[in-house]
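*Asks:* My structure is below; once you've seen it, I'll send some questions.
The values are calculated or read from the model by the stated rules, or taken from the named source; none is laboratory data. Everything quoted here is computed from the prediction, not taken from an experiment. A quick note on method: Cβ atoms are made from the backbone with ideal geometry, for glycine too, and the neighbour counts reach across all protein chains shown. Just so you know, the surface numbers come from the protein's heavy atoms only, side chains and all, with ligands and any DNA or RNA stripped out. Shrake-Rupley method; radii C 1.70, N 1.55, O 1.52, S 1.80 Å.
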Amino acid sequence: MNEGRTKAKRPRPAKAALQLRIEPLTPELWPALEDLFGERGACNGCWCMYWRIGAAYRKRPRGLNRKDFLQAVNAGPPPGLLAFDGGLPVGWCQITPRNSLPWLDRTRRLRRVDDLPVWSISCFYVRIGYRRRGVNAALIRAAIDTAKKAKAPAVEAYPLDSSLSPSATSTGYVSTFVRLGFKEVARHSPERPIMRYEL
């Protein structure tokens, strides 16, 4: 009998490395974003409107947030990037000039460091089953390339420092950005630094 003995846990097999294709979000790819975000509109019906209108997005019907973000996509330029695994959309990253996201300037802990016309990586959304598999890192690399092509002087991000806060985040984690070459340029609140990648 094996009473009192614990069964050894078998390690989970490693998942295959992803071969992601990353595309700018154009009107033609809107159905892919809808598929990724689902009926709930990603995080609580936000439809990536938080940094545009603040907490007001929670008081509006989700359909109105969707409509307003679709309008931003149709107006162009693309407000972010979609990652695909084959034909399946698996990740999203909003990357735009900081001036396109007025709520950043209304958030004291994310107030501007200087007048440099940076581009901002403001949020991510990754499909369940693809999290912790490098999707965010791939999107960050592509966001750097996108900003470089647009002749931005730097890319800015507002990740959470997981060593100080256990919260989940849609803005990414400091450790990922550090690994990809971002440097901290300000910290107006302990858990959320402002980080930059100079181009």
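*Asks:* Restricting to region 155-185, and then to whatever is in contact (Cβ under 8 Å) with a residue 60 or more places away in the chain and aliphatic (A, V, I, L, M), can you tell me which residue is farthest from G45 (Cα to Cα)?
*Replies:* V185
*Asks:* Working only within region 128-145, note down all residues that are at pLDDT 95 or above and open to solvent by 40 Å² or more (accessible area, probe 1.4 Å).
*Replies:* Across region 128-145, the qualifying residues are N136, R141, D145.
*Asks:* On to the next question. Being closer than 24 Å to A17 by Cβ and in contact with a Lys or Arg (Cβ under 9 Å, 6 or more places away or on another chain) is the filter here, so list the residues in region 131-156 that pass it.
*Replies:* R133, V135, A137
*Asks:* So is R106 out of contact with any Cys (no Cβ under 6 Å at 6 or more places or on another chain), among the charged types (D, E, K, R) and loosely packed, with under 13 Cβ neighbours inside 10 Å or not?
*Replies:* Considered against the rule, which asks whether it is out of contact with any Cys (no Cβ under 6 Å at 6 or more places or on another chain), among the charged types (D, E, K, R) and loosely packed, with under 13 Cβ neighbours inside 10 Å, R106 comes out as yes.
*Asks:* With respect to the numbered conditions (1) within 16 Å of R196 (Cβ to Cβ); (2) among the aliphatic types (A, V, I, L, M); (3) touching a residue at least 40 places away in the same chain (Cβ under 8 Å), which one is the sole condition not fulfilled by L116?
*Replies:* L116 satisfies every listed condition except (3).
*Asks:* Further, regarding this structure: Just to be sure before I move on: is A157 small (G, A, S), out of contact with any Pro (no Cβ under 8 Å at 6 or more places or on another chain), more than 15 Å from I194 (Cβ to Cβ) and open to solvent by less than 20 Å² (accessible area, probe 1.4 Å) in the structure I sent?
*Replies:* For A157, the condition - small (G, A, S), out of contact with any Pro (no Cβ under 8 Å at 6 or more places or on another chain), more than 15 Å from I194 (Cβ to Cβ) and open to solvent by less than 20 Å² (accessible area, probe 1.4 Å) - is not met.
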